[in-house]
Amino acid sequence: MGSDMTAPKHKLLIVGVGSIGERHLRCFQTTGRADAVFVEINNSLRQTIAERYGVPGFKSLDEALATNPTAAVVCVPAHLHIPISITLADRGLHLLIEKPLSTSFNGIDRLQTIVAEKRLTAGVAYVYRSHPLLAAMRSAIQDGRFGQPVELIAVSGQHFPTYRPAYRDIYYRDRATGGGAIQDAITHVLNAGEWLLGPIERLVADAAHQVLDGVTVEDTVHLLARHGNVMASYSLNQYQAPNEFTLTVVCERGTLRLESHANRLRSMTVPSSEWHDDAIEPLERDTLFVRQANQFLTAIEDNSPTACPLVDGLQTLRVNLAALASTDSGNGWQILGERQGGGAPSP
């Protein structure tokens, strides 16, 4: 059903067409499976995007909802995700909510209740889950050929001003709106780690503003965590010249290493031997977002889970908030438990 390209197109609403909202609009159009409208309160931006993509743009949510969309992508700043998502879910719309799910637990129980009662498809847009090499890494871990995982090491960084030159003027500048390296950047890597190994149960974090001009939020994060018995370390900065992401999982009988910047998944089972590489063609910047869009539309059609179900996004929100608390308090390990809607991530 999900692969039937002759099926009627979905009627999609994009809420907010800043940088990430415009990308979602473009990528859902690329699937050929959705007719989109959008809502944007910025008049000049609304006109620009409407002309650029040839789609209707509305100033208010009520005007956009009058077109009777069946699904929505929520791309406003993170502190607004839940109240807008509740409004949309009340109207029966399936939801893809940008990451992070929120900046607090407020309203999440209510959203989960509506989604369950109306049997809606809802997920969080952690796009690494659409990466073919990360999916292959997860399959290799789950099939047990390398033995049980025992350690994870994730190292990532990029020159953020190159990729988001407007960072000083958008949500990123303030933690309250989802900004800073914890909520905006390393959250992707933490979510990927939880997809591979299950939920983080405790963590200790250190973060600081080191380099980025014009903001005071953290641009560097070091975090130690436990996924059950698996020990993990995560580090990230947003100012280095190389744009690199390396994720290594050491198992009892071998090591797996994802090098996304090199487009390869490496494995080694014999000490000091050569790496075995599984490589793919370099990914275009929109490739993962188009894959994510197709996965979301297929989940709606097949009534199947999204790539990152709501419960998984909630778990990563717990991790985000625990990392912020650990950093700010300096009191060491944060123990994570079920809160505000509960539930462990999906297997």
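Say whether the condition of being at pLDDT 95 or above, within 20 Å of the chain's Cα centre (by Cα), over 23 Å from residue 194 (Cβ atoms) and not hydroxyl-bearing (Ser, Thr, Tyr) is met by at least one residue in the stretch 296-306.
Among the residues of the stretch 296-306, at least one is at pLDDT 95 or above, within 20 Å of the chain's Cα centre (by Cα), over 23 Å from residue 194 (Cβ atoms) and not hydroxyl-bearing (Ser, Thr, Tyr), which makes the answer yes.
Quick test for you: out of 55, 37, 17, pick the one residue that is assigned to a strand (DSSP E or B) and modelled with pLDDT of 95 or more.
Going through 55, 37, 17 in turn, just one is assigned to a strand (DSSP E or B) and modelled with pLDDT of 95 or more: 37.
Any residue in the stretch 94-117 that's farther than 24 Å from residue 24 by Cβ: show its pairings with residues that are assigned to a loop (DSSP other than H, G, I, E, B) at Cβ separation under 7 Å, as long as the two are six or more apart or on different chains.
105/339; 105/340; 109/340; 109/341
Name the single residue that is surrounded by the fewest Cβ atoms within 10 Å (Cβ to Cβ) among those in the stretch 1-14 being under 24 Å from the mean Cα position of the chain (by Cα) and modelled with pLDDT under 95.
Taking the stretch 1-14 and keeping what is under 24 Å from the mean Cα position of the chain (by Cα), we get 2-3, 10-14.
Filter once more, so that each one left must be modelled with pLDDT under 95: 2-3.
Details: 2: 15, 3: 9.
If we take residues in the stretch 1-14 being under 24 Å from the mean Cα position of the chain (by Cα) and modelled with pLDDT under 95, then 3 is surrounded by the fewest Cβ atoms within 10 Å (Cβ to Cβ).
Among the residues of the stretch 115-137, how many are of a type outside the set (Ser, Thr, Tyr) and either crowded, with 19+ Cβ neighbours inside 10 Å or in contact with a strand residue (DSSP E or B) (Cβ under 7 Å, 6 or more places away or on another chain) (or both)?
Going through the stretch 115-137 one residue at a time, the tally reaches 13.
With respect to residue 34, determine if the residue is crowded, with 22+ Cβ neighbours inside 10 Å, touching a His at 6+ places or on another chain (Cβ under 7 Å) and within 17 Å of residue 95 (Cβ to Cβ).
yes
Which members of the stretch 120-156 meet the condition of being touching a Ser or Thr at 6+ places or on another chain (Cβ under 8 Å) and more than 19 Å from residue 266 (Cβ to Cβ)?
Matches in the stretch 120-156: 121, 122, 123, 124, 126.
Based on what the data block shows, is residue 154 assigned to a helix (DSSP H, G or I) and either out of contact with any strand residue (DSSP E or B) (no Cβ under 6 Å at 6 or more places or on another chain) or not acidic (Asp, Glu) (or both)?
Numbers: assigned to a helix (DSSP H, G or I): no; either out of contact with any strand residue (DSSP E or B) (no Cβ under 6 Å at 6 or more places or on another chain) or not acidic (Asp, Glu) (or both): yes.
Here the answer is no, as residue 154 does not meet what is asked.
The values are calculated or read from the model by the stated rules, or taken from the named source; none is laboratory data. As the structure is a prediction and not an experimental result, all values here were calculated from the model. Cβ sites come from the backbone with ideal geometry, for glycine too, and all protein chains shown count toward neighbours.
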